[in-house]
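Let me begin by presenting the structure, written as structure tokens, before commenting on it.
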There are 2 protein chains.
Amino acid sequence: MNSLNHSAFLDRSCAENAEPGRPPAIVPVIMCGGAGTRLWPVSRDTMPKQFIPLFGQESTFQATAKLVSDPSVFTKPIVVTNVEYRFIVAEQLGALGIDAQIILEPRRRDSSAAVAIATQFALSQIGPCVVGVFAADHVVRDEASFIETCRQGAALAAQGRIVTIGITPTRPETGFGYIRAGEEVAADAYRVSAFVEKPDAARAAQYVADGYLWNSGNFIFDAATMRAELRTFEPSLWEAAATALAQATMDLDCLLLDADSFGKAKKVSIDYAVMERTDKAAVVAGGFQWSDVGGWPAVWELSPKDESGNAVEGRGYILEGANNFVSADGSLVAVIGLDDIAVIATRDAVLVTAKSRAGQVKEMVGLISARGDAEATTHQEIHRPWGKYLSIDRGSRHQVKRITVKPGGTLSLQKHYHRAEHWVVVRGTAEVTRNEETILVHENESIYLPIGCVHRMSNPGKIPLEIIEVQVGSYLGEDDIVRLQDVYRRV
Amino acid sequence: MNSLNHSAFLDRSCAENAEPGRPPAIVPVIMCGGAGTRLWPVSRDTMPKQFIPLFGQESTFQATAKLVSDPSVFTKPIVVTNVEYRFIVAEQLGALGIDAQIILEPRRRDSSAAVAIATQFALSQIGPCVVGVFAADHVVRDEASFIETCRQGAALAAQGRIVTIGITPTRPETGFGYIRAGEEVAADAYRVSAFVEKPDAARAAQYVADGYLWNSGNFIFDAATMRAELRTFEPSLWEAAATALAQATMDLDCLLLDADSFGKAKKVSIDYAVMERTDKAAVVAGGFQWSDVGGWPAVWELSPKDESGNAVEGRGYILEGANNFVSADGSLVAVIGLDDIAVIATRDAVLVTAKSRAGQVKEMVGLISARGDAEATTHQEIHRPWGKYLSIDRGSRHQVKRITVKPGGTLSLQKHYHRAEHWVVVRGTAEVTRNEETILVHENESIYLPIGCVHRMSNPGKIPLEIIEVQVGSYLGEDDIVRLQDVYRRV
């Protein structure tokens, strides 16, 4: 690990944009460390919902990164994520050509710790500035309106308000928290009179009638103001975050927070820690279409539907049913005579739920996890910095994977004590190191790697390399890998 | 094909059992040519429900074969099946050590043609005798009671009655036909007053109150009597069947009916063709537990259930739901907040249906088939006379299969024009013929079969041989096989 040196972080400083009468530029912070359990089985620990292309070709993380990429409004973004997702984040940003400072959380904390880290990072790198904290798993459908709302928020933040982005409700939703707006402080902007918990249906209807706003959980604030409030309300959390940042190390262009210090930060949301306690809270009313994609019913809401209200992704069939959501990825799905359900079929797990009960998906995942079934947290397709692999067959003494290596990708130099491997190249060309040899293996060629041999595979070509790996042995766990060298520093 | 020579068919003749006062022995005919669409996706054309171990370790076909194996009551059985299922039938009988005469239908007709074939076969081989026709896809739970019912039926059949086995109803089932019993002709045996179609719920309750019986669709009759009735009611069908049998050929110990003649037999059930028209119809009332396994609700009925009425096969989870049937084969299945549904998940297709609408599964399979999705009729695991294969991965230019070869099994000598194959042995030992060579390939060894080479694999060992086959090429269809020799005569 290199010592910390990130003084050259921001190429677009806030000061440049600080023209008279113009809102200050916003340092966008994209939070994407969550596990996304509510969209199981598509979303799991190994690839949570913010990185999955739920709508169209891009993930919501990518859509968020694009949303805050207008240089007339935003600076270069800061991405705060779990260390496990570093390669996914880098890959998905790379695909968009977006440059960001990635900060890695070595443990799962709640949003206050991430806000504290981003605030302190911005202050240390830029000095006084306005920060916008954006969730990576939300969907915004009107970009111009969103940006206008952000500009309003930034103007208020510059005046010392801690601004939350509210959404003008379009229905009496029971799945969101609400905000009661107080005194108007600018056009479409108000003091926060109260934050209100998720209501029941009757209360939700009343809130909508009374002009309450949805609480989107996206914030804009002046960094020094937030620092002062965190120091006041959560001094030990601030201390832990500031120390974790001061002792962070650079690791392949990412900033890895010090694990011990970060682990001392309390698990508390920024809503509880600051927003509900500060007298500086304000809300700007966004008029854009927004969703927190908080469960399968929300995905159904956002998906195109037929005249019966059915939304079908993939090879799904519905015979006499209405208002269903069917996602058939891998398996074909057939539904007969049922309404208002969600069926999500992946290669290895199927969820069937009443849409009204989709809030219990998290509880279900807990049940599955408690019984030790890996499908609770692990996908069959696993992403690695060099590409990905998919488990396609498993027996008592063999396992088969389809491995895809990106052009230029290199697996670690490794050996196994309990298994031999047969690699058959089905697309592209592999450069294989086997003990002292280096061998090019072309499409429709194979190579054998006996137990204990030191080996490595890389893709020297211009197209993805695909191989079928057949492992044979008495123990086939992922932990039977002795990594001797790794270009991604996973040794 | 050998010429027809099956004079040595019956080693246990009927005459032996024809002692005074004792019912005549029954020649059991097991009908197992159906496609079993109503239990899709587990049951498909390539392996229909009667051959699947739905309950315990044995298929209903095997359970039926055992049920009619008591030599004091039954002779050696005749199995009438579709030519496609010949190897499955032989394998499943072999596993039980049961010897049978297998008659192969080259086309799908209805039950009248099969009854005519079996009747004529029994007459030509044995002479006068009593025949019992049994469905291979029913479940009987009290063997002693079943056999006693068969003996009663045989006694009546010997007196010239065509006997259908009725079942004393245990509930007002709407999924079965009913029989109104007339004059009592023996203990628990009656003339048939009327056959009644599947009723609605109100009528079903009335029928049960009025003492109607369920019509099980299993029959016992004197062969000459049935011949006379078929000749009277369906003379051209009888003629077609008799000709198909007379022109049948022996094929690997099976009797293959002449396709052209058999194709001329009308598609009509034995109920319509004979039972509803003859004045000889009688019914014996069976008191045993019986099901025709006519759909997923019937499987649920027959399965062990928890205190909420949920029946779960495999890795299924139910959170707040009652009276559900969940079958998780391959995939894990999670159900939340739904009652009275059936979820059947296989490796490649998932059915989710209201139990009350499970009768529409057949319609759904028609929809899927019409759109050209192979899952309507084809399993991922395909049985062959030498063993089976499972498709585990497919790309644009590659396909991967797990192939299992039984001890002594031999694939055909073949070649492909469009694909090369890599075989990796993961269990057992393969004897591989490649052009002029014969090579033993052991566990953890591989062999390459270039495009166009003539090759064959067999299992010379004592344990099943398992190989992973990686196909690489521009066309990977099953029809790119040129079979040069085949021990199972599939050339």
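Of the numbered criteria (1) surrounded by fewer than 21 Cβ atoms within 10 Å (Cβ to Cβ); (2) assigned by TED's automatic domain parsing to the domain that holds A:Ala334, the one A:Gly316 fails is (1). Among the residues making up segment B:178-201, those that are assigned to a loop (DSSP other than H, G, I, E, B) and either without any contact (Cβ under 8 Å) to a residue 60 or more places away in the chain or in contact with a helix residue (DSSP H, G or I) (Cβ under 6 Å, 6 or more places away or on another chain) (or both) are B:Ala187, B:Glu197, B:Lys198, B:Pro199, B:Asp200.
Residues of segment B:222-255 that are among the charged types (D, E, K, R) and part of a strand (DSSP E or B): B:Asp222, B:Asp251.
Restricting attention to segment A:287-317, the residues that are under 23 Å from the mean Cα position of the chain (by Cα) and not charged (D, E, K, R) add up to 14. Within segment B:334-349, being under 23 Å from the mean Cα position of the chain (by Cα), facing another protein chain (nearest Cβ under 7 Å) and part of a loop (DSSP other than H, G, I, E, B) holds for one residue alone: B:Asp348. Hey, can you tell me all the residues within segment A:329-339 that are among the small types (Gly, Ala, Ser), crowded, with 22+ Cβ neighbours inside 10 Å and modelled with pLDDT of 95 or more? Correct list: A:Ala334 only. Restricting attention to segment A:128-145, the residues being out of contact with any Ser or Thr (no Cβ under 7 Å at 6 or more places or on another chain), in contact (Cβ under 8 Å) with a residue 24 or more places away in the chain and surrounded by fewer than 21 Cβ atoms within 10 Å (Cβ to Cβ) number 6. If only residues of segment B:371-397 that are hydrophobic (A, V, I, L, M, F, W, C) and not in a loop (DSSP other than H, G, I, E, B) are counted, the one that is farthest from the other protein chains (Cβ to nearest Cβ) is B:Ile382. So which of A:Val352, A:Val326, A:Val400 ends up being without any contact (Cβ under 8 Å) to a residue 40 or more places away in the chain and at the interface with another protein chain (Cβ under 7 Å from one of its Cβ atoms)? Of A:Val352, A:Val326, A:Val400, the one residue that is without any contact (Cβ under 8 Å) to a residue 40 or more places away in the chain and at the interface with another protein chain (Cβ under 7 Å from one of its Cβ atoms) is A:Val352.
Among the residues of this structure, B:Thr346 does not count as one that is assigned by TED's automatic domain parsing to the domain that holds B:Ala181 and either polar (S, T, N, Q) or surrounded by fewer than 16 Cβ atoms within 10 Å (Cβ to Cβ) (or both). Within segment B:257-274, the set of residues being in contact with an Asp or Glu (Cβ under 9 Å, 6 or more places away or on another chain), under 30 Å from B:Gly182 (Cα atoms) and not small (Gly, Ala, Ser) comprises B:Lys267, B:Val268, B:Ile270, B:Tyr272, B:Val274. Scanning segment B:139-179 for residues that are more than 23 Å from B:Val208 (Cα to Cα) and β-branched (Val, Ile, Thr) gives B:Ile147, B:Ile162. Remark: pairs (first residue in segment A:101-123, farther than 18 Å from A:Ile26 by Cα; second residue charged (D, E, K, R) and part of a strand (DSSP E or B); Cβ separation under 8 Å; 6+ apart in sequence or on different chains) = A:Leu104/A:Asp251; A:Ala113/A:Glu105. The strands (runs of 3 or more DSSP E) located wholly in segment B:398-491 that include 3 or more residues which are among the hydrophobic types (A, V, I, L, M, F, W, C) and surrounded by fewer than 21 Cβ atoms within 10 Å (Cβ to Cβ) occupy B:437-441. Number of residues in segment A:187-203 that are touching a strand residue (DSSP E or B) at 6+ places or on another chain (Cβ under 7 Å) and not β-branched (Val, Ile, Thr): the value is 8.
Taken as a whole, segment A:210-221 holds no residue that is touching a strand residue (DSSP E or B) at 6+ places or on another chain (Cβ under 9 Å), of a type outside the set (Asp, Glu), in a helix (DSSP H, G or I) and buried (at least 21 other Cβ atoms within 10 Å of the Cβ). Evaluated against (1) over 30 Å from B:Gly217 (Cα atoms); (2) within 14 Å of another protein chain (Cβ to nearest Cβ); (3) among the small types (Gly, Ala, Ser); (4) not in a strand (DSSP E or B), B:Gly359 falls short on exactly one condition, (1).
Residue by residue, here is whether (1) modelled with pLDDT under 95; (2) outside any loop (DSSP other than H, G, I, E, B) holds:
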residue	(1), (2)
A:Arg12	yes, no
A:Pro20	yes, no
A:Pro24	yes, no
A:Val29	no, yes
A:Ala35	yes, no
A:Phe61	no, yes
A:Lys76	no, no
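Counting only residues that are surrounded by fewer than 24 Cβ atoms within 10 Å (Cβ to Cβ) and in contact with a Phe, Trp or Tyr (Cβ under 8 Å, 6 or more places away or on another chain), segment A:146-161 holds 1 of them. Put simply, of B:Ser331, B:Ser308 the only residue that is out of contact with any helix residue (DSSP H, G or I) (no Cβ under 6 Å at 6 or more places or on another chain) and either away from every other protein chain (no Cβ under 12 Å) or over 18 Å from A:Val350 (Cβ atoms) (or both) is B:Ser308. Can you spot a residue in segment B:430-438 that is within 12 Å of chain A (Cβ to nearest Cβ), in contact (Cβ under 8 Å) with a residue 12 or more places away in the chain and of a type in the set (Asp, Glu)? The answer is no; no qualifying residue exists. Take the conditions (1) closer than 24 Å to B:Val268 by Cβ; (2) modelled with pLDDT under 95; B:Thr81 misses just one of them, which is (2).
The values are calculated or read from the model by the stated rules, or taken from the named source; none is laboratory data. Remember, it's a predicted structure, so these values are computed and weren't measured experimentally. Virtual Cβ from ideal backbone geometry, glycine too; neighbours counted across all protein chains shown.
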